[in-house]
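Colleague: Next up is a structure, given as structure tokens.
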Amino acid sequence: MNKRHFIATSVLGLMVLGWMAAGPAFSQGRGQGFRACPYSPYQCPVKNTCKPFDESGKVVQVLTETLGQGMHPGMAFIMDTKNRGQVHVSLGPVWYLERQEFEIVPGDEVRVKGMCEKEQGGILKIVAYEISKGDYLLALRDSQGRPYWEAWRKR
């Protein structure tokens, strides 16, 4: 009886220790691991410095880009417009766009709403708020430029 009691207590003790050690791992969730959220709240780098952009055109090239160190790769495309020539349109991170049901390929006619970021090498760079293609609309940011893939928002 004493030996059985010792074994049962040992097994129960090991189970409790295992449960306590695994508890923090289960509470993290969302695939984030054991680190705090690495993203800082959105702050528009060009706030109040540029005009809205609303143009239609034909997609010439689809590409990926990395805007800064530590950032996820983003998706962009170059489009030909009638009024402004070639325009570089930044959409958002690839991981977010892969989860949306849309496809942009060279030759597509699209309408882009966004804001002018800067002109670099003779090409205007745009940060897109929404992309329209036929009857479909891809919403990327709100009217103040905050990305829809960020969860925390100011009221």
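Colleague: How many of the residues in region 87-112 are small (Gly, Ala, Ser) and touching a residue at least 40 places away in the same chain (Cβ under 8 Å)?
Modeller: 2
Colleague: Can you find, within region 126-143, the residue that is most open to solvent (accessible area, probe 1.4 Å) among those that are assigned to a strand (DSSP E or B) and hydrophobic (A, V, I, L, M, F, W, C)?
Modeller: Our first condition is that a residue be assigned to a strand (DSSP E or B); within region 126-143, this holds for 126-133, 136-139, 141.
From what is left, the residues that are hydrophobic (A, V, I, L, M, F, W, C) are 126-128, 131, 137-139.
On the way: Ile126: 1, Val127: 18, Ala128: 0, Ile131: 7, Leu137: 108, Leu138: 17, Ala139: 42 Å².
The selected residue is Leu137.
Colleague: Pairs under 6 Å by beta carbon, first residue in a strand (DSSP E or B) in region 58-77, partner among the aromatic types (Phe, Trp, Tyr), six or more apart or different chains?
Modeller: So the pair list comes out as Val59/Phe77; Val62/Phe77.
Colleague: Which members of region 104-125 meet the condition of being surrounded by 18 or more Cβ atoms within 10 Å (Cβ to Cβ), part of a strand (DSSP E or B) and among the aliphatic types (A, V, I, L, M)?
Modeller: Across region 104-125, the qualifying residues are Val110, Val112, Met115, Leu124.
Colleague: Any idea which of (1) on the phi < 0 side of the Ramachandran plot; (2) at pLDDT 70 or above; (3) surrounded by 10 or more Cβ atoms within 10 Å (Cβ to Cβ) is the one Gln69 doesn't satisfy?
Modeller: (3)
Colleague: Of everything in region 87-103, what is surrounded by 13 or more Cβ atoms within 10 Å (Cβ to Cβ) and more than 18 Å from Leu137 (Cα to Cα)? Give them in sequence order.
Modeller: Within region 87-103, Val87, His88 qualify.
Colleague: Then there is this: Looking only at residues that are among the acidic types (Asp, Glu) and modelled with pLDDT of 85 or more in region 122-155, which one is nearest to Asp108 (Cα to Cα)?
Modeller: Asp135
Colleague: Here's another thing I want to ask about it. Listed residues Arg84, Arg146; which is in contact (Cβ under 8 Å) with a residue 60 or more places away in the chain and surrounded by 12 or more Cβ atoms within 10 Å (Cβ to Cβ)? I'd like the intermediate steps shown before the answer.
Modeller: Details: Arg84 fails: in contact (Cβ under 8 Å) with a residue 60 or more places away in the chain.
Sole residue among the options that is in contact (Cβ under 8 Å) with a residue 60 or more places away in the chain and surrounded by 12 or more Cβ atoms within 10 Å (Cβ to Cβ): Arg146.
The values are calculated or read from the model by the stated rules, or taken from the named source; none is laboratory data. Every value quoted in this text rests on a predicted model; they were computed, and no experiment measured them. Cβ sites come from the backbone with ideal geometry, for glycine too, and all protein chains shown count toward neighbours. All accessible areas refer to the heavy atoms of the entire protein, side chains included, with ligands and DNA or RNA removed. Shrake-Rupley method; radii C 1.70, N 1.55, O 1.52, S 1.80 Å.
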